[in-house]
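Some notes on the structure that comes next.
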Amino acid sequence: MIVSLVARTPGPLSGVEITQVSIVASRYIAIGLVVATYFTWRKVDEPSDATDAEQQPLIPKNPDGTPAQSSEEGEGSQSTTAYGSTSTTATSSSANSTTGNPDSENSTDGNKDDKKDEDGKAKKSDDENTNELPWERRERKRREEMEKRLKENGNWFDYAKRFMIFFPYIWPVNNRPLQIRALLVGVCLLANNALNVLIPRQLGIIMDSLSHENDKNPWVQVIIFAGLKFAASQAGISLLRQWLWIPSISNLLESICFSAIPMLIDMAIAFMYLSATFGPYEGFITFATSVIFLYIAGRMISSLKAARRGEVSAWFEEHYVRQAGIQGWSTVASFNQVGHEEDRYSNAVKTRVEKSQNVYIGYLFAYAFQYLVLLAGLLAGAFLAVYQVTSGQSTSGQFVMLLTYWTQLVAPLTFFASLGKSISKNFIHAEQLLEIMNTKPTVVNKENAVDLEFAGGTVEFKDVSFSYNDKKDIVKNISFHVPSGMTVAFVGATGAGKSTILKLLDRFYDVTEGSIKIDGQDIRDVDLHSLRSRIGIVPQAPILFNDTIMNNVRYAKLDATDEDVYNACRAAAIHEQILGFSEGYNSRVGERGIKLSGGELQRVAIARAILKDPSIVLLDEATSSVDTETEQKIQDALQALCSGRTTFVVAHRLSTVMNADSIIVISDGEIVEQGNHDELIQAGGKYANLWSKQVFTKPKDKFKATDATGKISDLVNDLSVDEASEEVAKATEATSKAAATTTSESISGNGAASASGDGANDANTAEDDSGSETATETNSNADRKKEV
Ligand SMILES: Nc1ncnc2c1ncn2[C@@H]1O[C@H](COP(=O)(O)OP(=O)(O)OP(=O)(O)O)[C@@H](O)[C@H]1O
């Protein structure tokens, strides 16, 4: 077009030529807008570089690059015994001897660390955080950018602006080839716009050349027409565009970029071109028709928005009911509720279908009305053109061009109406996504949080209270100090808050009051990633992904070799069993690990923790579902895992925690007793009470053992015969002592009396938590701040 304008004979520009120049100008403006938008957004993200994220292993390394173990072993080995070992004297003395000192030491450490933190903060700017991998930095920046944008106001502009937070997810950030493709796609779209006007124009030229209204060669004009049609066909620019845009990024973006924007450009061109050819009235009619059409389409869409929202929620409800039924199939089957579930699902489907039908009917009426508007516009435009042709102001070829152009214009307009529907649908879905993205996590990194500086793993809980929902305190003002490498066990009634304490340490939740410190650093001040990379947890109910066993175990350390995984599984006493599965390590475990037994699930979780090689170990009922023999094997592995590392164990089976360096008895969120096994048995309080119940069989127990030796007939726990006899003797002695002191001691004696009564006299009596707790609580409140 430019070439033909340059090559033309000099003279004033005709209306058509002015239009052509305008078209070219509008294209460049459009390209300019696209480029400007790109550069505005580009500031949000870092440019890619050779050391880019995607090329790096996903597993973060220790800051010092050394294996976690090496830095801790020195300290841990001083006073440490393995999990399950019984260096009680050393432990308690070391623990007790530091009752005052570590506090002061820690506070000094804390001050030092605080200072260090401040220095660190001053030294390191955000971008200079050398411990941060490029992909982490980019993620963080995106998050920050997103947070900035998440400001909700009521007007339309802000509503649209809120969706800009999706931009980094739909634009190929840091992918230069894809960005170039996107720009080429823009060029293709503009070429399509040009073709939309050139084809009808060419048709008019052919008509005029045939009727000798111009002196052009009709043969050549037909060839040019064929060339333009080819370019506009599925084999032309459209094919090129689709090839360039194979990586589809999002429906919404495609709809806007490939349909809405080109259509707006088409409208602008049509207005200018028809004004130049038939005069301003024709252009005005076209413009007015388009605007009225789009206005009505917009109104219809917004009036149907509520119905669409209803349809989307019905769709989600249907999906939820189906998923819940499938996931809980065993509950459904065992409670004979298949019929109930079928009804629930069919009701959900019925509701969704009804809502869909309402929306569909609404759209049908909207389309019909929009069609009438278009028809009225065409009629008005055609009447005006007919008048101009009959009055000699225009040629018949131009009339043909008008009709053809109108048809071409109607197609994108009608498409735009349906596009409005899909855009509105996408926005409604995007709203739901926005809601999720707007939900702030309860635990987040503090601004400029620094990495945890690990120095052995000393853990301190200071006046910690916590509640899940502000209504009831689950953990109440607890304090204890655990020197590095020690093993601490939490025991107590179900629901007492034991698991919650472990979750607080792993910072799944932040404490409501008080503080938790690791090596003198408040865990709220350290980077969450650096904290969790130090902690390995075996949860009470481990959840596996619906993937192979190999991938599930490897999840703890994505770059672990197969051999590493085998070793971890061997240590967790599950290797042989996995080999026995039909596809060995490649067997899939099903949704949440449903295809594994409870014991297998726990052992896979233990293998995962072993593979992670953490510095602090949290075992929450880690072996509750395995049989005694297997547990014995796992204990060896756990012993190796916990050796030299600060370990927290929650267990109901007391035989698994009796060798811990310190045992803390929790009742209703409070520490009611603490000490090692012997001390607690001697104290004859709640622990002795629990112990005696686990050691003795109940007199009325119809499963009382009747083996040949008869020696172990009184034992119900999983201790060896010798151990058991010894423990029974100890327990009996302790409980008798406690009973003897009952009469003379008023406060601590209540607990002892309860233990004695329960344990020695009536082992079958149901556990009287409240009775014995009052006394022991009072007694142990004074000791609450005692160190482990
Ligand atoms: N996410 C949560 N939201 C609200 N309450 C919770 C949540 N998790 C646990 N709780 C409540 O907190 C209390 C303590 O739970 P926790 O799991 O810590 O007990 P526990 O001593 O470990 O019990 P168990 O021995 O049965 O595992 C319980 O009453 C429980 O209902």
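The values are calculated or read from the model by the stated rules, or taken from the named source; none is laboratory data. Values in this document were obtained by computation on a predicted structure and should not be read as measured data. Please note: Cβ atoms are built from the backbone with ideal geometry, for glycine as well, and neighbour counts cover all protein chains shown. SASA here: full protein model, heavy atoms, side chains in, ligands and nucleic acids out. Shrake-Rupley method; radii C 1.70, N 1.55, O 1.52, S 1.80 Å.
So here's what we get for this one:
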quantity: Unmet requirement for Ser259, which otherwise passes all of (1) modelled with pLDDT of 80 or more; (2) surrounded by fewer than 20 Cβ atoms within 10 Å (Cβ to Cβ); (3) polar (S, T, N, Q); calculated: (1)
quantity: Count of residues meeting criterion [among the polar types (S, T, N, Q) and at pLDDT 85 or above] in the stretch 188-208; calculated: 1
quantity: Within the stretch 638-653, tally of residues that are part of a helix (DSSP H, G or I) and surrounded by 21 or more Cβ atoms within 10 Å (Cβ to Cβ); calculated: 3
quantity: Residue list for the stretch 492-532, filter: in a helix (DSSP H, G or I) and either within 16 Å of the ligand (Cβ to nearest atom) or open to solvent by 40 Å² or more (accessible area, probe 1.4 Å) (or both); calculated: Lys498, Ser499, Thr500, Ile501, Leu502, Lys503, Leu504, Leu505, His529, Arg532
quantity: Answer from Val665, Val657, Val672, Val649 - the residue that is at pLDDT 55 or above, among the aliphatic types (A, V, I, L, M), within 16 Å of the ligand (Cβ to nearest atom) and touching a Ser or Thr at 6+ places or on another chain (Cβ under 6 Å); calculated: Val672
quantity: Hits in the stretch 206-219 (condition: in a helix (DSSP H, G or I) and open to solvent by 70 Å² or more (accessible area, probe 1.4 Å)); calculated: Met207, Leu210, Trp219
quantity: Among (1) at pLDDT below 90; (2) over 19 Å from Gln674 (Cα atoms); (3) of a type outside the set (D, E, K, R); (4) within 14 Å of the ligand (Cβ to nearest atom), the one test that Ile543 misses; calculated: (4)
quantity: Leading residue by the ranking (farthest from the ligand (Cβ to nearest atom)) among those in the stretch 443-479 that are more than 22 Å from Ala660 (Cβ to Cβ) and in a strand (DSSP E or B); calculated: Val450
quantity: Some residue of the stretch 438-459 being crowded, with 17+ Cβ neighbours inside 10 Å and closer than 19 Å to Val665 by Cβ; calculated: yes
quantity: Subset of the stretch 593-611 [in contact (Cβ under 8 Å) with a residue 40 or more places away in the chain and over 11 Å from Asn552 (Cβ atoms)]; calculated: Gln602, Ile606, Ala609, Ile610
quantity: Within the stretch 604-624, tally of residues that are part of a strand (DSSP E or B) and either among the hydroxyl-bearing types (Ser, Thr, Tyr) or away from the ligand (no atom under 16 Å from the Cβ) (or both); calculated: 2
quantity: Some residue of the stretch 359-368 being under 35 Å from the mean Cα position of the chain (by Cα), not aromatic (Phe, Trp, Tyr) and not in a loop (DSSP other than H, G, I, E, B); calculated: yes
quantity: Verdict on Val482 being closer than 25 Å to Lys686 by Cβ, open to solvent by less than 50 Å² (accessible area, probe 1.4 Å) and either more than 16 Å from the ligand (Cβ to nearest atom) or without any contact (Cβ under 8 Å) to a residue 40 or more places away in the chain (or both); calculated: yes
quantity: Tabulated pairs, the stretch 330-346, first more than 22 Å from Phe316 (Cβ to Cβ), second open to solvent by less than 50 Å² (accessible area, probe 1.4 Å), C-beta under 8 angstrom, 6+ apart or interchain; calculated: Val338/Val332
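Residues checked against (1) open to solvent by 20 Å² or more (accessible area, probe 1.4 Å); (2) at pLDDT 90 or above; (3) out of contact with any strand residue (DSSP E or B) (no Cβ under 9 Å at 6 or more places or on another chain):
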| residue | (1), (2), (3) |
| --- | --- |
| Val538 | no, no, no |
| Asn552 | no, yes, yes |
| Lys557 | yes, no, yes |
| Ala572 | no, no, yes |
| Ser582 | yes, no, yes |
| Arg588 | yes, no, no |
| Glu591 | yes, no, yes |
| Leu601 | yes, no, yes |
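Results for (1) surrounded by fewer than 18 Cβ atoms within 10 Å (Cβ to Cβ); (2) in contact with a Pro (Cβ under 9 Å, 6 or more places away or on another chain); (3) modelled with pLDDT of 85 or more, shown as yes or no for each residue.
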| position | (1), (2), (3) |
| --- | --- |
| Ile269 | no, no, no |
| Met272 | no, no, no |
| Gly279 | yes, no, no |
| Ile285 | no, no, yes |
| Arg309 | yes, no, no |
| Trp329 | yes, no, no |
| Ala333 | yes, no, no |
